[in-house]
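Presented below is the structure to which this report refers.
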Amino acid sequence: MLHSSIVGGSSASRVVNCPGSVALVQKMPPKPSSEHADRGTLLHDAMAGMLEDKIDNPVGMKYNGQVITKELAAEKLAVAYNLLNEVDPDNKMEFVVETSVNFGDILPGVFGSADLLGRLGNRAIVLDWKFGDGVTVEAKENMQGMFYAAAAMRTPACNWIFDGVDEIEIVIIQPPMIRRWVTTVERIKEFEASLISAVKKSSAPDAPIVAGKHCRWCAAKPVCPQMTGAVDRALKQTLHEIDTTSLSLYLQKTELLEQWIADVRGLAYTMLEQDVKVPGYKLVAKRGTRQWVDEEKAVDALKSLSLSDNDVYAKKLISPAQAEKLLKKAKQELPSDLAVSVSSGSTLAVESDPRPAILNIGKQLTDSLNKLN
């Protein structure tokens, strides 16, 4: 699903509050998709298909390795579908799903995709599905909903939804909850004016950069001067200078700082994976765990070394470490050619770390894999 690189529904709050973030975000490398994002996309596709009568049973639908199971369908889709009845109990609403909306010439290049737009009497409905569990999304003054409403009002294909309405309702369905907020056309116009102003400011060299709750999902946190400045100031504080009032304020900012730290690490990891050098850091292999080179050969060898069937098997073949511990009790050693250490992946480390960089251990990994094969 395409989204504007300037501002979209999910970034509206950030851009309105921090116009300077637009230029910063555009300089960042694209974030790789995650299983949570892929699951959300899959569930959105399923809801759209169900509402358009294109899908009878979503169980088994797949997207990027994610699958809709019976449990997931019952927990998310069935609940979301039933909650829609609270908005349209008499099944009288006319609606469209997954609709592309834009601001036309007033904000060229600014567009988004609304999950559901509907008309019920003299009320326009702007509904957004939220299938994540981590963050509760409120409907009141929800800028994503207002973005879709404002853009839809300027999209010719959606004129019938807003023509002559007395009110606009923003609906967030986040199973198992539904949150609703009824507002006016005038409030949506006010939001549109603030969005237009913010987008215009964003192109200026001195566009304001402001930290706040809107920073949560900002991809530019690792390089944001507001964030880096806050961290630098925090590091320069000494313990005796911090009073309890200041400490309380810092505690309120910990979540934001923790997210910033995680994003910095993630950005560094992504850049190193793409062979972009980050001075002072490298990717190294995680701690390896030994595996049997040949399980049948290992069973025969361990039995010849005095271990019984009960010792060797624990529902599955015991690990090299377990075998070594048992053999040690019998004062015997594990033959070195029975096991090989294979790393579970890579991790970020300082340059002074004694482990070799990944590029230097390619031959070692190849040899290990060849043994397993």
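The values are calculated or read from the model by the stated rules, or taken from the named source; none is laboratory data. All values reported here derive from a predicted model rather than from experimental measurement. Reconstructed Cβ throughout: ideal geometry from the backbone, glycine too, with neighbour counts over all protein chains shown. Side chains are part of the model used for accessible areas, which takes the heavy atoms of the whole protein and leaves out ligands, DNA and RNA. Shrake-Rupley method; radii C 1.70, N 1.55, O 1.52, S 1.80 Å.
Please give the strands (runs of 3 or more DSSP E) falling wholly within the stretch 92-155 in which 3 or more residues are out of contact with any Leu (no Cβ under 7 Å at 6 or more places or on another chain) and under 26 Å from K201 (Cα atoms).
Working: elements: 94-102, 111-120, 123-129.
Filter on the stretch 92-155 gives 94-102, 111-120.
Kindly provide the set of residues from the stretch 167-183 that are part of a loop (DSSP other than H, G, I, E, B) and either small (G, A, S) or open to solvent by less than 60 Å² (accessible area, probe 1.4 Å) (or both), ordered by number. If you could, list the steps in order and put the result at the bottom.
Let us first name the residues in the stretch 167-183 that are part of a loop (DSSP other than H, G, I, E, B), namely 175-176.
If the condition is that a residue be part of a loop (DSSP other than H, G, I, E, B) and either small (G, A, S) or open to solvent by less than 60 Å² (accessible area, probe 1.4 Å) (or both), then P175 is the only one that fits.
Pick from the stretch 195-216 the residues that are open to solvent by 30 Å² or more (accessible area, probe 1.4 Å) and under 25 Å from the mean Cα position of the chain (by Cα): which of them is farthest from Q252 (Cα to Cα)?
At the first step, the residues of the stretch 195-216 found to be open to solvent by 30 Å² or more (accessible area, probe 1.4 Å) are 197, 200-201, 203-206, 208-211, 213-214, 216.
Now narrow it down to the ones that are under 25 Å from the mean Cα position of the chain (by Cα): 209-211, 213-214, 216.
On the way: I209: 20, V210: 17, A211: 13, K213: 11, H214: 15, R216: 14 Å.
Selected residue: I209.
Which residues, taken from the stretch 74-96, are open to solvent by less than 50 Å² (accessible area, probe 1.4 Å) and within 23 Å of the chain's Cα centre (by Cα)?
The answer is K76, L77, V79, A80.
Filter the stretch 281-310 down to residues that are closer than 18 Å to A349 by Cβ, of a type outside the set (A, V, I, L, M) and touching a Ser or Thr at 6+ places or on another chain (Cβ under 9 Å) and give me whichever is least open to solvent (accessible area, probe 1.4 Å).
First, pick out the residues of the stretch 281-310 that are closer than 18 Å to A349 by Cβ: 281-288.
Those left that are additionally of a type outside the set (A, V, I, L, M): 281-282, 286-288.
Then keep just the ones that are touching a Ser or Thr at 6+ places or on another chain (Cβ under 9 Å); that gives 286-288.
Values: K286: 91, R287: 186, G288: 25 Å².
This residue is G288.
Would you mention how many residues in the stretch 156-166 are in a loop (DSSP other than H, G, I, E, B) and open to solvent by 40 Å² or more (accessible area, probe 1.4 Å)? Even if it seems obvious, please write down each step before you answer.
The first filter runs over the stretch 156-166 and keeps only residues in a loop (DSSP other than H, G, I, E, B), leaving 163-166.
This time we only want the ones that are open to solvent by 40 Å² or more (accessible area, probe 1.4 Å), so: 163-164, 166.
Within the stretch 156-166, residues that are in a loop (DSSP other than H, G, I, E, B) and open to solvent by 40 Å² or more (accessible area, probe 1.4 Å) number 3.
Which of the residues spanning the stretch 290-307 are of a type outside the set (D, E, K, R) and more than 17 Å from E333 (Cβ to Cβ)? Walk me through how you get there before you give the answer.
Within the stretch 290-307, the subset of a type outside the set (D, E, K, R) is 291-293, 298-299, 301-302, 304-307.
Hits for the stretch 290-307 are Q291, V299.
So which pairs qualify, if the first residue must be in the stretch 162-188 and within 11 Å of V126 (Cβ to Cβ), the second must be hydroxyl-bearing (S, T, Y), the Cβ gap must be under 6 Å, and the two must be at least 6 apart or on different chains?
Matching pairs, first to second residue: I168/T183.
Give the residue, chosen from E192, E141, that is in contact (Cβ under 8 Å) with a residue 24 or more places away in the chain, acidic (D, E) and open to solvent by less than 20 Å² (accessible area, probe 1.4 Å). Give the steps one after another, and end with the answer.
Numbers: E141 fails: open to solvent by less than 20 Å² (accessible area, probe 1.4 Å).
None of the others qualify; the one that does is E192.
Can you find a residue in the stretch 313-327 that is within 30 Å of V276 (Cβ to Cβ) and modelled with pLDDT of 70 or more? Write out each step before concluding.
Filtering the stretch 313-327 for residues within 30 Å of V276 (Cβ to Cβ) gives none.
For the stretch 313-327, residues within 30 Å of V276 (Cβ to Cβ) and modelled with pLDDT of 70 or more: absent.
Given the residues E35, E71, which is the only one that is exposed (fewer than 12 other Cβ atoms within 10 Å of the Cβ) and touching a Gly at 6+ places or on another chain (Cβ under 8 Å)? Spell out the reasoning first.
Values: E71 fails: touching a Gly at 6+ places or on another chain (Cβ under 8 Å).
The match here is E35.
Quick test for you: out of D309, D300, pick the one residue that is touching a helix residue (DSSP H, G or I) at 6+ places or on another chain (Cβ under 8 Å), free of Cβ contacts under 8 Å to residues at least 40 places away in the same chain and on the phi < 0 side of the Ramachandran plot. Before the answer, list the steps.
Values: D300 fails: touching a helix residue (DSSP H, G or I) at 6+ places or on another chain (Cβ under 8 Å).
Step by step, each of D309, D300 is checked, and only D309 is touching a helix residue (DSSP H, G or I) at 6+ places or on another chain (Cβ under 8 Å), free of Cβ contacts under 8 Å to residues at least 40 places away in the same chain and on the phi < 0 side of the Ramachandran plot.
Consider F95 carefully, then state whether it is more than 17 Å from G9 (Cβ to Cβ) and in contact with a Gly (Cβ under 7 Å, 6 or more places away or on another chain). Before you say what the answer is, go through the steps one by one.
On the way: more than 17 Å from G9 (Cβ to Cβ): yes; in contact with a Gly (Cβ under 7 Å, 6 or more places away or on another chain): yes.
Yes, satisfied.
Could you tell me which residue of the stretch 121-142 is nearest to R14 (Cα to Cα), considering only residues that are at pLDDT 95 or above and aliphatic (A, V, I, L, M)?
Once the filter is applied, the top-ranked residue is A139.
With the condition kept exactly as written, say whether any residue in the stretch 114-125 is exposed (fewer than 11 other Cβ atoms within 10 Å of the Cβ) and over 16 Å from C158 (Cα atoms).
Initially, the stretch 114-125 is screened for residues exposed (fewer than 11 other Cβ atoms within 10 Å of the Cβ), giving 121-122.
Applying the additional criterion that residues be over 16 Å from C158 (Cα atoms) yields none.
Within the stretch 114-125 (the criterion being exposed (fewer than 11 other Cβ atoms within 10 Å of the Cβ) and over 16 Å from C158 (Cα atoms)), the answer is no, since none of the residues qualifies.
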